[in-house]
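Notes follow once the structure below has been shown.
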Amino acid sequence: MRTINAPIDSAEASTSAAPPAASTAPDTLVDSIVEELHQMIGSLRCAGTGRMVKAGISMTHLHILWVLEHHGELPMSRLADLLDVSLSNATGRTDDDDAPVVRASEQGVRIRDEIEALKQDRMRSILTRLKPNQLTRVLAALGDLRGAVVDEIGTDHLDAHPHHN
C-alpha cells in the first residue's frame with residue numbers, strides 16, 4: 001500500500017489506493033489531499049504553459065482574461081481591486097476620473113478559449129486512463145468537493161455566471 005505523499009508509478013496509477021485508516025487525524029488527511037491537489041495542479045499548469053509562452057501570453061494576461069470572463073467588462077478601478085494592485089500601478093493614474101472600462105479583445109477571448117480547450121482535452125485524456133469504477137468515484141468526490149466550495153464561498157459566482165454550470 002502506498003502512502004498519499006508517495007510518488008505514483010504507472011502500475012500503481014491503474015489501481016486504487018486503500019482508504020486511509022480511520023485513525024488518521026482529519027487535519028493530516030486534509031493536508032495530504034491539499035498536497036496531492038497542489039502537486040497535480042502544478043504539473044498540469046507546467047505542462048500547459050509552453051504554448052502560452054510561445055504565443056506571448058503571460059500568466060498575468062491569462063489571469064486578467066479569466067477575471068474578465070468571470071465578471072464581464074469592468075472599470076479599471078474594479079479590475080485593479082480584483083487583481084490586488086493599486087489603481088496607479090494599473091493605469092499610471094492616481095484618480096479614477098476617466099478610468100477606462102476593460103474588456104477582453106476578440107484575440108484575447110480566442111486565445112483564452114484555445115487554452116481552455118487544450119486544458120479540457122488534456123483532462124479528458126487523463127480521465128480516459130481510469131477505469132469506469134474509478135471515474136464514478138472521481139465524479140462523486142468532485143460533487144462532494146463542489147458542495148464544500150459552495151458552502152465556503154457561496155453561490156453568487158455561480159448564479160451570475162451561467163457558463164460555469
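Remarks
- Residues in the stretch 74-85 carry Karplus couplings, in order, of 9, x, 4, 5, 5, 4, 4, 4, 5, 8, 6, 10 Hz; the curve used is 6.51 cos²θ - 1.76 cosθ + 1.60 with θ = phi - 60°, and Gly or Pro positions show x.
- Environment charge at residue 38 (Cβ cut-off 13 Å; Lys +1, Arg +1, Asp -1, Glu -1): -2
- Residues whose placed amide H lies under 5 Å from that of residue 102, excluding near-sequence neighbours: 74, 76
- Restricting the stretch 94-135 to trypsin sites (Lys or Arg not before Pro) that sit in a DSSP loop and have at most 16 other Cβ atoms within 10 Å of their own Cβ leaves 103, 129.
Laboratory data are not the source of any read-out in this text; all were calculated from the coordinates shown. None of the values given here were measured: they were computed from a predicted structure. A quick note on method: Cβ atoms are made from the backbone with ideal geometry, for glycine too, and the neighbour counts reach across all protein chains shown.
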